Amino acid sequence: MATYMIPCLLGLEKLVGDEVKRLGLKNVRVENGRIFCDGAPDDCARLNINLRCGARVLLVLGTFPAGDFDALFEGTRALAWEQFIPREGRFPVKGHCLNSALHSVPACQSIVKKAMVERLKSQYGLEQFPETGVKYQVRFSIFKDQVVIGLDSSGEGLYKRGYRAHGVDAPLRETLAAAMVLLSRYRGRDPLCDPFCGSGTIPIEAALIAKNRAPGLDRSFDAQRWAFLSQRVWLHAAEEAMDKEFHGKYDIWGGDIDPRAIEIARSNAMKAGVEDCIRFEVADMRDFRRDNQYGQLVTNPPYGERLMDRAAAETLYRELGRVWQHLPDGWRTLVLREAEELYRAFGKAWTKFPETWKLYLLSSHTEFERTFGRPADKKRKLYNGMLKCDLFMYGNV
């Protein structure tokens, strides 16, 4: 039995925990910013390939208390590193500390590395290690003097799906875009639109969700090169994921006034294998219309810390608020994406929308509700990287 830890953006813990449970892993424990679970060695591949909202997958090798450097050294040296890291393996160390007596990350990295070397020296009979082989990235976290240490099986973060080679200014991470779509309860039945799609992240993540396509199928992971994990594990996990895909027709639309952004979005959709599910168009928000009775609009407006200054953001939100006063009750979903100046024309586009669409808004602006002109019916805290945001929900949420 193996133990895994999946870090995630704050606010996404429950979503990630639910994903892990659906994969059938046991003893799922949800904590702030991370999820623990128990599973078989094969589940390393299944987690990496299937998770939409997690940041990475760590194979936990040990947990122990460490109130000083001696305890950190002894706890690390006691672990059976030789069962995982071969003689020529590379084992760089990264980590972080929070609310602990040990607060110097560089010092902790040095102690962990030294303890590992001492353990491996005694097992392999070497005084120096070449570290010329496969990388076994060691990661530790120290929270309230409790150490969790293991191997990072993902390599690059799971938000790097492999389809976005290029982007536009202030891109939204794929993991957060997927979380927003999931929070909207979109599953592919109703239309989904993003009129400020930028490089296409939200429509692409929506298409992957609609198709039930595993987001990690088109990328590689560090653990694929680990000696103690068979390649059959990865092949079986990929086959299992592909067997669960849906094949249907979906109404997903992405628009942007920037032709370059649309060109990038189409290229990204092709890399993700969902170009047949999405219509990307160069479009002005002022001309945007949809006649569907039901649907969802998922997008992400610029806010003060990103594409515009505070004064411009407040003007934008006031205009959005005036538009909202004239909209029917009961929108389906709106999680706002790159908008820039086009949102100044937001009002004219929405006056003809059906009553059955609802609205969710993501913003880091602390005075958003005042500027918007009405309080949200419900709010949820989310983080875009280190930037604290709120998901403001309007309508029957």
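The values are calculated or read from the model by the stated rules, or taken from the named source; none is laboratory data. Keep in mind that this is a model prediction, so the values were computed, not measured. With ideal geometry, Cβ positions are generated from the backbone for all residues, glycine too; neighbour counts draw on all protein chains shown. Side chains are part of the model used for accessible areas, which takes the heavy atoms of the whole protein and leaves out ligands, DNA and RNA. Shrake-Rupley method; radii C 1.70, N 1.55, O 1.52, S 1.80 Å.
Total residues in segment 97-123 satisfying the condition of being closer than 27 Å to ALA227 by Cα and of a type outside the set (A, V, I, L, M, F, W, C): the figure is 9.
Check segment 184-191 and report whether any residue there is among the basic types (Lys, Arg) and touching a helix residue (DSSP H, G or I) at 6+ places or on another chain (Cβ under 8 Å). So far as segment 184-191 goes, yes, one or more of its residues are among the basic types (Lys, Arg) and touching a helix residue (DSSP H, G or I) at 6+ places or on another chain (Cβ under 8 Å).
Counting only residues that are within 23 Å of LYS144 (Cα to Cα) and of a type in the set (Gly, Ala, Ser), which one in segment 1-44 is modelled with the highest pLDDT? Here the residue is GLY17.
LYS94 meets the conditions (1) within 15 Å of PHE228 (Cβ to Cβ); (2) outside any helix (DSSP H, G or I); (3) charged (D, E, K, R) in every case but one. The failed one is (1).
Quick one: is ARG185 at pLDDT below 95 and open to solvent by 20 Å² or more (accessible area, probe 1.4 Å)? Answer is yes for this residue.
Those helices (runs of 4 or more DSSP H) of segment 160-266 in which 1 or more residues are under 25 Å from GLN293 (Cα atoms) and of a type in the set (D, E, K, R) occupy 201-211. Residues of segment 182-205 include at least one that is touching a residue at least 40 places away in the same chain (Cβ under 8 Å) and within 21 Å of ALA45 (Cα to Cα). For segment 121-152, a residue qualifies if it is closer than 20 Å to PHE69 by Cα and in contact with a strand residue (DSSP E or B) (Cβ under 7 Å, 6 or more places away or on another chain), and the qualifying residues are VAL138, ARG139, PHE140, SER141, ILE142, PHE143, ASP145, GLN146, VAL147, VAL148, ILE149, GLY150. Across segment 289-321, the qualifying residues are those that are of a type outside the set (Lys, Arg), in a loop (DSSP other than H, G, I, E, B) and at pLDDT below 65, and the one among them that is surrounded by the fewest Cβ atoms within 10 Å (Cβ to Cβ) is ASP309.
If you go through segment 65-85, how many residues are outside any helix (DSSP H, G or I) and surrounded by 17 or more Cβ atoms within 10 Å (Cβ to Cβ)? Number of matching residues: 4.
Taken over segment 179-201, the criterion of being on the phi > 0 side of the Ramachandran plot and more than 18 Å from the chain's Cα centre (by Cα) is satisfied by GLY188 alone.
Name the residue, out of LEU217, LEU176, that is buried (at least 24 other Cβ atoms within 10 Å of the Cβ), farther than 20 Å from ARG279 by Cβ and touching a residue at least 40 places away in the same chain (Cβ under 8 Å).
Working: LEU217 fails: buried (at least 24 other Cβ atoms within 10 Å of the Cβ).
Every option except LEU176 fails the conditions.
Note on segment 20-34: among residues that are more than 19 Å from ARG213 (Cα to Cα) and within 17 Å of the chain's Cα centre (by Cα), the one that is least open to solvent (accessible area, probe 1.4 Å) is GLY33.
Return the residue satisfying two criteria in turn: it lies in segment 220-237 and is out of contact with any helix residue (DSSP H, G or I) (no Cβ under 6 Å at 6 or more places or on another chain) and within 23 Å of ARG173 (Cα to Cα), and of such residues it is surrounded by the fewest Cβ atoms within 10 Å (Cβ to Cβ).
By that ranking, first place goes to SER220.
The listed residues are SER154, SER141, and the only one of them that is of a type outside the set (A, V, I, L, M, F, W, C), modelled with pLDDT of 95 or more, part of a loop (DSSP other than H, G, I, E, B) and buried (at least 19 other Cβ atoms within 10 Å of the Cβ) turns out to be SER154.
For segment 112-137: of the residues being in a loop (DSSP other than H, G, I, E, B) and aromatic (Phe, Trp, Tyr), which is most open to solvent (accessible area, probe 1.4 Å)?
Here is the first cut: in segment 112-137, the residues in a loop (DSSP other than H, G, I, E, B) are 125-134, 136-137.
Subset that is aromatic (Phe, Trp, Tyr): 129, 136.
On the way: PHE129: 33, TYR136: 3 Å².
Residue satisfying both the conditions and the ranking: PHE129.
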